[in-house]
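For reference, the structure is listed below as structure tokens.
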Amino acid sequence: MNDSLKLPDNLFVPGQGDTPEYIDDKVLAHLCESEHPADLASQLSDLDLDQLVTIFSHMSPECCADVLTHMDYEDQREIAKELSNDVLALAITRMSSDDRVDLLQSMPEESSAILLRLLATTEREDIRRLSSYEEDTAGALMTSEYATLSPGLTALQAIDKLRLEAPNKETIYYSYVIDSRRRLLGLVSLRELILARPTTKIEKIMRRDPIFARVHDDQEEVARQMAKYDLLAMPVVNGNDSLVGIITFDDVHDVIEEEATEDFHRMGSISSGSGADDLVDIGLRDATPWLLIRKRLPWLLALVFMNIFSGAGIAYYEDTIQATVALVFFLPLLIGSGGNAGAQSATLMVRALAIGDVMMKDWFRLLGKEVGIALAIGVCMALAVSFIGVFRGGMDVAVIVSMAMVCVVLFGSLLGMSLPFLLTRLKLDPATASAPLVTSVADIGGVIIYFGIATWYLGLHHAAI
């Protein structure tokens with residue numbers, strides 16, 4: 001990646017008198033030829049919208065399509081709204097089918113309808129077909145620009161066919177073998193075609209029973225399968241097992257990034273949303289203060305009212321606190337330890353569930369494992385804090401704090417481990433078992449456990465006396 005790319009100073013030519021500033025077409029053409037579209041998109045994103053529209057209006061349709069594809073969705077929408085329909089239609093025809101569908105779907109319905117009328121019939125029908133699939137499914141993610149071969153072709157004939165079709169395909173590294181009804185029979189890589197004897201039939205060298213997705217499969221599961229089997233592209237079939245598209249790795253990368261971003265937002269108790277102003281699409285840098293407030297405030301308000309139960313727990317054990325004021329000193333330490341232990345367990349479990357490392361059936365086995373781990377951690381932390389307990393409040397306080405530490409760490413760890421499983425069982429995103437949620441519940445439990453143990457122990461002690 002060319003991180004040092006800087007737009008040339010002579011790209012914009014200053015006007016004289018009543019003549020406005022204009023673009024040097026030769027400089028712009030050289031820039032499009034010499035720089036990667038991703039680098040160019042990164043630099044152009046820092047310009048004003050008016051300058052962007054002027055530049056894209058002077059680009060060749062090919063360059064315009066390539067650079068637009070590499071820009072953020074929000075920038076794409078803003079530029080598309082300002083570009084003339086003729087310029088935008090020429091660029092859209094040169095985009096890959098999945099990219100142009102994404103762009104048109106993000107635009108107002110009236111604007112996209114006008115653009116559709118400017119496209120060729122085949123492109124228009126392809127866009128309508130791809131747009132008909134539900135969002136976040138394999139059908140919505142796929143492209144229709146893929147290479148197909150017949151099983152009766154020879155390797156030489158297949159290479160000649162691919163040579164003619166390559167400019168209009170998303171990728172030709174994989175070619176998909178289909179029958180007369182477009183049912184998927186197998187696939188063959190370009191490497192296998194080149195290494196095969198020219199007269200060898202495709203049916204002899206193709207790989208049968210390839211990994212595929214169905215149009216209604218969840219995009220996150222498709223991404224997981226492609227990562228598992230190290231696929232550069234995955235074929236997509238409909239209900240009749242007919243090949244209708246492919247999903248390429250670059251599209252899967254976007255899905256993985258989007259899903260990871262959503263999971264991080266949920267784990268930070270940032271509410272998810274949809275629409276053009278979603279934080280996932282816009283990004284933190286370009287998000288407005290109001291959007292950030294709207295995303296962060298709801299969960300924080302909910303957690304504030306949840307923490308009222310911690311206060312209620314403290315009020316319930318007011319007599320115990322008055323009897324041994326030294327207990328208050330250890331309260332933040334104990335409930336913080338329980339919350340931190342729970343957050344650790346939740347993070348590990350959400351990650352394991354997300355990548356398929358553990359399944360629902362593993363809960364009971366992992367529960368026993370977590371009990372042993374949490375007890376070991378709790379005992380170590382109890383020993384460390386017991387010395388402070390002796391110094392601060394005597395042996396009784398040290399015993400109470402030590403026992404409470406073991407129980408609080410055990411409670412927090414089991415809560416953090418089990419909550420993602422529970423949410424998965426309820427068909428909810430396990431990432432919702434976020435650190436703030438786990439720590440808030442662990443705080444409530446920690447208060448009750450701590451003062452409950454203190455009340456019980458001190459009651460026994462006083463009874464013995």
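The values are calculated or read from the model by the stated rules, or taken from the named source; none is laboratory data. Computed from a predicted structure; not experimentally measured. Here the Cβ positions follow ideal geometry from the backbone for every residue, glycine too, while neighbour counts run over all protein chains shown. Ligands, DNA and RNA are stripped out before the accessible areas are found, and what is left, the full protein with its side chains, is counted by its heavy atoms. Shrake-Rupley method; radii C 1.70, N 1.55, O 1.52, S 1.80 Å.
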Asp319/Ala376 FRET efficiency (R0 30 Å; Cβ-Cβ; nearest 0.05): 0.30
Order by protection proxy (mean Cβ within 10 Å, highest first), peptides 48-61, 446-459, 158-171, 108-121: 446-459, 48-61, 158-171, 108-121
Please calculate how many Å² of accessible area the chain carries per residue, with a 1.4 Å probe and no DNA, RNA or ligand atoms counted. 54
Carbon + sulfur, % of accessible area of the chain - ligands and nucleic acids excluded, 1.4 Å: 58
Straight-line reach only, C-alpha to C-alpha below 21 angstrom: list the lysines that Lys26 could link to, leaving out same-chain residues fewer than 8 apart. Lys6
For peptides 357-369, 302-314, sequence by mean Cβ density within 10 Å, most packed first: 302-314, 357-369
Give the lysines whose C-alpha is closer than 20 Å to that of Lys201, dropping any in the same chain fewer than 8 places away, or say none. Lys161
So if R0 is 56 Å, what FRET efficiency would Leu367 and Arg207 give, r being the distance between their Cβ atoms, rounded to the nearest 0.05? 0.85
Report, by chain and number, residues whose modeled amide H sits under 5 Å from the one on Val13, excluding near sequence neighbours (fewer than 5 apart, same chain). Tyr22, Ile23, Asp24
Over the alpha carbons of the chain, what is the largest minus smallest coordinate on each principal axis, giving the biggest first in Å? 97, 72, 39
Distance cut-off 21 Å, percentage of C-alpha pairs in the stretch 49-124 lying past it: 14
Please report, in cubic angstrom per residue, the volume enclosed by the convex hull of the alpha-carbon atoms of the stretch 293-404. 149
To the nearest 20 debye, the chain has a Cα-centred charge dipole, built from +1 on Lys and Arg Cβ and -1 on Asp and Glu Cβ, of 2400
Could I have the simple spin-label model distance between Glu78 and Arg191, label points 7 Å from Cα toward Cβ, reported in nm to one decimal? 4.3
Taking 0.36 nm per residue of separation between Ala120 and Glu221 and subtracting their Cα-Cα distance, the length gained on full extension comes to 33.0 nm
Roughly speaking, what is the stretch gain from Gln43 to Thr200, that is 0.36 nm per residue apart minus the C-alpha to C-alpha distance, in nm to one decimal? 51.6 nm
